[in-house]
Structure formats: C-alpha cells, structure tokens
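Here the structure is laid out as structure tokens; the discussion comes afterwards.
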Amino acid sequence: MRKTYGDPVADDLRYVVKAVVGEENFVEMYPNKSNNYCCGGGGGFLQSGFPEERRAYGKLKADQILTTKAPYCITPCHNCHAQVHDLSEINDHKWETVHLWTLIGLSMGILGPNEREYLGEDLKEVDVFHPESAM
Amino acid sequence: MADEAIKLGGKKKSVFLDKVKEILPDGGNLNLCLTCGACSSGCPASGLAGMDPRKFLRMAALGMDEEILKSDWKWWCSMCMRCIYVCPMKINIPQLVFNARAMIPREERPKGIVGSCDMALRNDTCSAMGASEEDFQFVVEDVLEEYQESQPEFAEMQAPINKKGAEFFLNQNSREPVTEPDEMVPLWKILHEVGADWTYGTKGWAAENYCMFMADNENWEKIVRTKAKAVDDLGCKVWLNTE
C-alpha cells in the first residue's frame, strides 16, 4: 500500500474488511497504513535461505499482531501470508492467517468445505456451502 | 551495534555510490542524509548483524564498498520502502540495497532466489515453480469443472483463459495452481458474483517475479515485458497483479 497506492487505498480495504467481519470485530494494529512495518516475507526473504534472520525481522510484526489479541490476521499477498503464518507457528499458533478472499467468501455464504484451509476451528464448520462436496 | 569501531581507510574511492547516483533521477541525493535515524528507528531489519539503514547508507557514502559487499544484510532488508517514506530528505535507501544486491556475482546470490528466477525464465508463463502453459490450463479447467458440478449455484461460473478483450487480466501466484488449487476458487466466485469480465492468460499468468528480488535487471524486465505482452496480446484493459 505504502509503496504503490498510499493510505486512501488502505482505507478502501478497511471498508471491505469491516463490511465482511463487522465493524465490532475489526481490530486495528499500530502503527498502521503507511507507517506500518513490513512483515519480512517480501523482497525474496522467504527464498533467500536465512530463516533465522527472517524470523528476527518478523518479531516486530509478530508482537504487533499479538498486541491486538485478534484471532485472525488478514494478509494481502502470498509472501505476507507465508511469513505471517510462519510467525504464528513459532508463537504457539496464537492467530490464524487468512487471505481476504476466504473471509469475503465466508461472509457471502459461498465458501465450500474445501476452501477453508486457513480458517481456525471456530469458523471451519460455520455456514459451510455444499458440505456434501467435502473432499 | 558493531563490536569494533569502524576504521576509515583514507582516500578510498567509492565505485558503488557513484554507480548508484548515476541511475537515480537528478543524480540522487544520497549525500543529503541528516543522520537523523528516522529510517533505522522504524526498520524491522535494524540490528540484524549490527546493521541498520542509516549505517548502510553512511558506509556507502564513506566508500566502504568492500564491507557492503561482504554484508548479507542486503538480503535481510525487504526493500519495503518505510525508510524512504519517513526520510526528510527522501533518500532512496531501498534502491541502494537493490544495487548492493546487483553487485554480488550471480552465482553467489541466495540460491533459492536465483533458482526461482531461473525457473521463471524457462517458459512464457513466468512461473517461479516452473508450471507450464498446459499444466496451468489443465488445473484451472479441472478445478472449475469440479466446482460447477458440486456447487450448482456456480454452474455458470467461468475461469476464462485467453479471453480476448476481457477487462481484467488476472495474475495468479504459482502456489495455488501447483500446491493448493482449491484456494483459487473463492476469488473466482467473488469475480463471478460481481459480474467481472476477466481472464487468465496461458502466457504470463504467474504473479511472482523473483528476478526482481535478486536484482537481475535484465531478467526482471524480461519477465515484466513477457507478462505485459500477454496482457496486450489479449487486448485487456487492466492488469491485476495480486502480489
């Protein structure tokens, strides 16, 4: 966001997230928007063979997420998803890491049983679309 | 911080800084650093191996090319741009880091990044996981058919491939078609529900570009051009890259 589009687009995305999860369930992290910190998955970090340094880099992000006490963290891209998911793994799996499309699908009631890989136990069985198609 | 004081070696000529200045607009402003430290205080990579963005820039400005070459910190900065965002002089430290990466001989850059870049160059899909045009098309069509049948509300849903004149050309990270194809579906459903006119392309469908991360200028441009050509050849108006 910071790099390419700036805060107005970050606000647009907040509109979407709040519409999907409900205003009362949206927890902001600090700092946020353009002042937020990179999670450390990008720039090739995940492929560069420095896992220890990558996790040390990600500690700031992990602490930000833990401070919110939110059970779900939405990530915008695959680098972020892989990194934030990994950070969760080394923090007693204190949060789930999801793509926005998963929550949009869930809120629209069109999320099937095989599209829930990253939902936690609390949402895995909620409003399953065509449960009989589970594979 | 480093354990030992940094010793400056007299009249060292900096090749690195000059090179970087050449490619920055208006000669760059790398010497305008106020050493305020705003960059370092908000950088998650500060402190890794005793390095931080301000120090990295000062080392370049002082002509410490060898030390910059030696440090792996250039691979631990994710080039997220937060430092330039807060810098009062708008000094482009991420560009400096990018160029430090480019100074390392290709065979000595991190193998994982080099491998992903090389794989993407093998065919026009630009997939860092090496998925071919045929593989991609097969997976997309196979998954689509499965969902059209098992979830009848989506019997009419499409995941078009090479649809000429579509408004949106959508890229897809290789991870989904290769390792978790069901994860493609929620996005298809959303696009279907809103009535979006979109398409994948057998060429240039992969969203990732590791050649950029490894600072391989020639090849990251080649990848971008391959993808842009795929978008143009189909006459699509908007190129959506989800990475």
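The values are calculated or read from the model by the stated rules, or taken from the named source; none is laboratory data. Being a predicted model, the structure only gives us computed values, none of them experimental. Cβ: placed from backbone, ideal geometry, glycine included. Neighbour counts: every protein chain shown. Surface accessibility is based on the protein's heavy atoms, side chains included, excluding ligands, DNA and RNA. Shrake-Rupley method; radii C 1.70, N 1.55, O 1.52, S 1.80 Å.
Odds and ends about this structure:
- The mean number of Cβ atoms from other chains found within 10 Å of a Cβ in peptide B:184-196 is 4, as a whole number.
- Helix-only [θ]222 nm of the protein assembly as shown, DSSP H runs n ≥ 4, -39500 (n - 2.57) each, per residue, nearest 500: -12500 deg cm²/dmol
- Dipole axis of the protein assembly as shown (+1 Lys, Arg; -1 Asp, Glu on Cβ), positive-most option in A:SER133, A:PRO76, B:ALA155: A:PRO76
- For chain B, the residue among B:ASN92, B:VAL114, B:VAL231 whose Cα projects farthest onto the positive side of the dipole built from Cβ charges is B:ASN92.
- Per residue accessible area in Å² of chain B, where ligands, DNA and RNA are left out and the probe is 1.4 Å: 48 Å²
- Net charge of neighbours whose Cβ lies under 13 Å from the Cβ of A:LYS59, counting Lys and Arg as +1 and Asp and Glu as -1: -1
- Summing both sides, the accessible surface hidden between B and A at a 1.4 Å probe radius is close to 3600 Å².
- Hydrodynamic estimate: the Kirkwood radius of region B:112-240 over Cα pairs, inserted into Stokes-Einstein at 20 °C and 1.002 mPa s, corresponds to D of 144 µm²/s.
- Basic side chains Lys and Arg get +1 at the Cβ, acidic Asp and Glu get -1 at the Cβ, and with that the dipole of the protein assembly as shown about its Cα centre reaches some 2620 debye.
- Accessible area ranking (1.4 Å probe, heavy atoms, ligands and nucleic acids excluded), largest first, for B:MET79, B:MET119: B:MET119, B:MET79.
- Computed from the Cβ-Cβ distance with R0 of 56 Å, the FRET efficiency linking B:ALA196 to B:ASN31 stands at 0.70.
- Cross-link reach list, lysines versus B:LYS163, counting only Cα pairs under 28 Å and skipping chain neighbours closer than eight places: B:LYS189, B:LYS203, B:LYS222, B:LYS227, B:LYS229, B:LYS237
- Spin-label pair A:GLU52/B:ARG122, simplified geometry with 7 Å Cα→Cβ offset, distance in nm: 3.2 nm
- Cα-based Rg and Dmax for chain B, where Dmax is the largest Cα-Cα distance (Å): 22.3, 76
- Pairs of Lys residues in chain A, spaced 8 or more positions apart or belonging to different chains, with C-alpha separations under 16 angstrom: 8 in total.
- For A:LYS18, the solvent-accessible surface with a 1.4 Å probe is about 60 Å², rounded to the nearest 10.
- Annotation for region B:130-231: GluC sites (Glu not before Pro) lying in DSSP loop with at most 10 further Cβ atoms inside 10 Å of their Cβ are B:GLU156.
- Size of electric dipole in region B:112-240: Cβ of Lys, Arg +1 and of Asp, Glu -1, about Cα centre, debye, nearest 20: 660 debye
- For the segment B:170-178, counting C-beta atoms of other chains within 10 Å of every residue's C-beta and taking the mean gives 1.
- Å² per residue, accessible surface of region A:29-135 at 1.4 Å: 45 Å²
- Sulfur and carbon atoms: percent of accessible area, the protein assembly as shown [1.4 Å]: 53 percent
- Per-residue average of Cβ from other chains inside 10 Å of B:73-85: 6
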